[in-house]
Amino acid sequence: MSTTLITHIGSLVTNDPAFGDDGPLHLIEDAAVVIEGERYAWVGRAADAPAADTVHDAEGRAGIPGFVDSHSHLVFAGDRTAEFNARMSGQAYAAGGIRTTVAATRAASDAELEANLSRHIAEALRQGTTTIEVKSGYGLTVEDEVRALRIAGRHTDDVTYLGAHIVPPEYADDPAGYVDLVTGEMLDACAPHARWVDVFCEKGAFDEDQARAVLTAGIAQDLIARVHANQLGHGPGVQLAVELGAASADHCTHLTDADVDALASGSTVATLLPGAEFSTRAPWPDARRLLDAGVKVALSTDCNPGSSYTSSMPFCIALAVRDMGMTPDEALWAATAGGAAALRSTSEGRVAPGAHADLVLLDAPSHVHLAYRPGVPLVTDVWRHGIKCA
């Protein structure tokens, strides 16, 4: 395999304690990396870099691991501009708006769904996202959930079965019957195409008993649990996630002290999704409270057409720093290594030999500019699995 040396990186975030300084991001100043195939072969100071087949001069730009977006809903059709406009005009957000997207998604062709997914993944890649999780959940029939997972699986390994997103209109009078479908025939058809199982455990979606049934059925078919938890109000989602050993409890906007204690004592990552609070004018998650309690925190976009229509991890970092009590270092770690933890991956979110060569260069001397200059397109170069793609 040929090798590529990327040198003269002004400040490199490694997220690996074996490299760099003793700070939380383990920075290396005036750094270089060598890529061989899909992975890093060498990481260190530019002055010590070995020779390589090709050389890319970073010209002093800051380098960071590629963003790991561990929560997105990208297999969809349709537009919910009117709903957003209504919220910005004073109407409250409720989970029922999902049904609008379900109707549009069911009516769309496979080609239309895949084209839309591809467009959003390319959009995220240009902004530095090299790893992305994609959920189903806008089909809510056996056929439509399976095709969503198949389409997603052509673009990412992190595919999540979310048949339990909401109860579809045709089961409005029989939610128990829908849970039976989600845990039975639909799960049997979908499990071979997914790595994860998720449920929207929330008032207006699925209660604790229903969520437990969905997750335990998925776990029995070797899927790993994730949970939409405590977004719209206090509820059982976080406690259920920790109890079942879920990889991630996502949203975590409304937490009791017991919820925080449970997250701190377990292995479940708290994934915060500030794009949703921005788009719904809901209270911000208290990241400071979680971090001070010792909870492992991730940041993600929750990119979806209803409540968080952004694919920009830099935007979410800026929101987390400005409104959620995170430092720039904490927010970047959460958007890279934290996301990798939420996906139970040791190959992403860090710059170290053996890790996937996912590297982002910024038109800035420091990663702090991601929060310091919100809205500015700072990403200049992206390598994903060793291939320069942006």
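The values are calculated or read from the model by the stated rules, or taken from the named source; none is laboratory data. All figures in this text were calculated on a predicted structure; none of them were measured in a lab. Virtual Cβ from ideal backbone geometry, glycine too; neighbours counted across all protein chains shown. SASA here: full protein model, heavy atoms, side chains in, ligands and nucleic acids out. Shrake-Rupley method; radii C 1.70, N 1.55, O 1.52, S 1.80 Å.
Descriptive notes on the structure:
- Here the relative contact order of the chain, from alpha carbon pairs under 8 Å that lie six or more residues apart, stands at 20 percent.
- With 0.36 nm allotted per residue and the present C-alpha distance subtracted, the ASP79-THR327 stretch has 85.8 nm of extension available.
- Degrees, to the nearest 10: 98-107 long Cα axis against longest axis of the chain: 90
- R0 of 25 Å, Cβ-Cβ distance ARG373-GLU29: FRET efficiency to nearest 0.05: 0.75
- The chain: calculated mean residue ellipticity at 222 nm from DSSP helix runs of at least 4, using -39500 (n - 2.57): -9000 deg cm²/dmol
- Length gained on full extension, ALA92 to ILE219: 42.3 nm, using 0.36 nm per residue less the C-alpha separation.
- Relative contact order (%) - region 148-209, alpha-carbon pairs under 8 angstrom, separation at least six: 47
- For the chain, the carbon plus sulfur part of the accessible surface works out to 51%, probe radius 1.4 Å.
- Acute angle (nearest 10 degrees) that the helix 208-220 long axis makes with the longest principal axis of the chain, alpha-carbon atoms: 60
- Separation between Cα centres of region 79-125 and region 353-381, rounded to whole Å: 28
- Region 331-387, Rg to Rh (Cα coordinates; Rh as Kirkwood inverse mean 1/r): 0.99
- Shape class for region 286-384, computed from the alpha carbon gyration tensor (a ≥ b ≥ c): rounded, with a/c under 1.5.
- The chain: Rg to Rh, with Rh as the Kirkwood radius over Cα pairs: 0.98
- Based on C-alpha pairs under 8 angstrom that are at least 6 apart in sequence, region 1-80 has a relative contact order of 36 percent.
- Probe 1.4 Å, accessible area per residue of the chain, Å²: 37
- The length gained by stretching the chain between ASP57 and HIS234 to full extension, at 0.36 nm per residue less their Cα-Cα distance, is 58.7 nm.
- Between helix 142-153 and the chain: long-axis angle, C-alpha atoms, 0 to 90°, nearest 10: 0
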